[in-house]
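These notes concern the structure reproduced below.
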Amino acid sequence: MRLSKKDIRDLAETAHTSPNNTLYLPGEIRLTRGPAVFLTGEDVYTVLFVTDTAGVGRVKVGGRTFTDSVCGIARTDRVHSVPVPRKVLDGAGEYTVYARRIYHKGDYFCMAGCRTERSFPFVPAPEKGDLDLLVVTDAHSKLDSAAAAAAKLPGRHDALILLGDECGHGRTAESLTDCIIGLAHTLTGGGMPCLYCRGNHETRGEYATVLPGYFRTGTGGMHYAATLAGRRFVVFDTGEDKEDSHREYSGFADFDGYREKQLADLMRLVPDGRPVVAVAHIPDIDDRIGRGANAKLKELGCFLELSGHQHSVEVRTDGEFPVLVTGGPCRRRYKEGAVEGRVEEAGTPGDPLMYCASVVLRENGEYVFTLASSAF
């Protein structure tokens with residue numbers, strides 16, 4: 001429904017007569033992607049969902065309502081980003097997302113359409129004990145392939161980690177709506193916590209500059225720390241995979257400055273007895289974030305790093321802590337099932353298969369790494 005300036009003026013006269021200066025018009029709004037519940041800090045979730053047209057999004061938990069707002073003003077958007085205190089959602093067991101279509105926001109009145117809402121169950125990660133992680137990396141927009149591989153993994157997962165490059169490129173809104181929110185919902189049903197780690201493909205294109213605003217991490221970037229089952233996850237944004245001066249970036253890259261900030265934020269963390277898991281799209285954090293990063297992580301109690309990007313499956317044990325490179329589309333063939341100490345190759349290379357992994361972190365500090373694949 002398109003409104004001319006005359007339509008707006010005429011309808012505004014009617015709107016001023018309503019109790020709340022809102023004129024309600026016919027017109028539905030539909031939930032098209034999500035929701036997915038992203039853990040974006042120690043004490044906060046960001047619930048992300050998408051509607052077919054622009055509106056105002058909210059999340060209701062128990063008797064409390066939380067709004068997609070910026071500095072007190074509700075945003076009108078198709079992508080809805082709603083911060084919810086972690087304690088509130090963890091204790092509720094379910095939540096309801098709802099949105100109302102917005103035709104026009106004036107200075108003193110609004111023209112709104114119908115409201116839609118849906119409720120979803122939610123199971124928080126355990127406070128302590130074993131933690132079963134579903135890890136998906138480098139889907140490169142082949143979302144069905146990633147979902148098919150993930151479905152073959154055993155266990156009932158406690159949380160999802162998206163390790164980046166889930167989209168082909170970050171130049172359009174679909175990189176967020178379909179490849180991050182949509183994939184996270186497919187894998188979790190909106191019912192468990194997710195951690196998202198940005199990949200280098202998601203730094204490309206104009207839309208990549210607005211993507212961080214939807215995640216509300218509190219650091220001003222796509223790096224953050226959060227706790228699952230008594231373990232501190234330090235999530236890095238390793239940025240692009242080539243130097244800032246590379247011709248592909250046309251002189252517009254400034255990842256060096258961003259990495260300096262991440263290193264400074266890392267150095268401010270102090271050991272607190274919690275074991276640490278490092279999460280980075282591109283492995284080797286010293287190379288990507290700055291010299292001294294791995295030593296600092298070790299000081300904090302890091303016992304494992306989860307990474308992707310390489311389009312391979314590896315267990316690296318030659319550094320300060322083990323690094324699991326968890327798959328994506330790989331031409332090499334790997335033995336599926338539990339990985340006992342090292343990755344075994346199976347057969348000759350061929351067309352890529354999509355590999356996904358589950359990583360079960362045991363309470364005694366050990367881990368179980370399991371692989372599954374599907375056609376890519």
Evaluate region 290-308: report whether one residue or more is hydrophobic (A, V, I, L, M, F, W, C), touching a residue at least 24 places away in the same chain (Cβ under 8 Å), buried (at least 18 other Cβ atoms within 10 Å of the Cβ) and in contact with a helix residue (DSSP H, G or I) (Cβ under 6 Å, 6 or more places away or on another chain).
yes
Lone unmet requirement of (1) part of a helix (DSSP H, G or I); (2) over 30 Å from Leu269 (Cα atoms) for Ala54:
(1)
Taking the criterion of being in contact with a Pro (Cβ under 6 Å, 6 or more places away or on another chain), in a strand (DSSP E or B) and of a type outside the set (Gly, Ala, Ser), would at least one residue in region 295-305 satisfy it?
yes
Considering only region 115-166, how many residues are of a type in the set (A, V, I, L, M), buried (at least 17 other Cβ atoms within 10 Å of the Cβ) and in a loop (DSSP other than H, G, I, E, B)?
4
Take the residues of region 335-376 that are over 23 Å from the mean Cα position of the chain (by Cα) and small (Gly, Ala, Ser): which is nearest to Leu228 (Cα to Cα)?
Gly365
Given Val323, Val279, which one is closer than 23 Å to Val359 by Cβ, touching a Ser or Thr at 6+ places or on another chain (Cβ under 7 Å) and touching a residue at least 40 places away in the same chain (Cβ under 8 Å)?
Val323
Among (1) of a type in the set (A, V, I, L, M); (2) surrounded by fewer than 19 Cβ atoms within 10 Å (Cβ to Cβ); (3) touching a helix residue (DSSP H, G or I) at 6+ places or on another chain (Cβ under 8 Å), there is one condition Met222 misses while meeting the rest; what is its number?
(2)
Report, by residue number, each residue of region 307-334 that is assigned to a loop (DSSP other than H, G, I, E, B), over 24 Å from the mean Cα position of the chain (by Cα) and within 22 Å of Arg231 (Cβ to Cβ).
Thr317, Gly319, Glu320, Phe321
Here is a list: Arg171, Arg198. Which entry is crowded, with 18+ Cβ neighbours inside 10 Å and not assigned by TED's automatic domain parsing to the domain that holds Ala92?
Arg198
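The values are calculated or read from the model by the stated rules, or taken from the named source; none is laboratory data. These numbers come from a predicted model, not from an experiment. Heads up, the Cβs are rebuilt from the backbone with ideal geometry, glycines too, and the neighbour counts pull from every protein chain shown.
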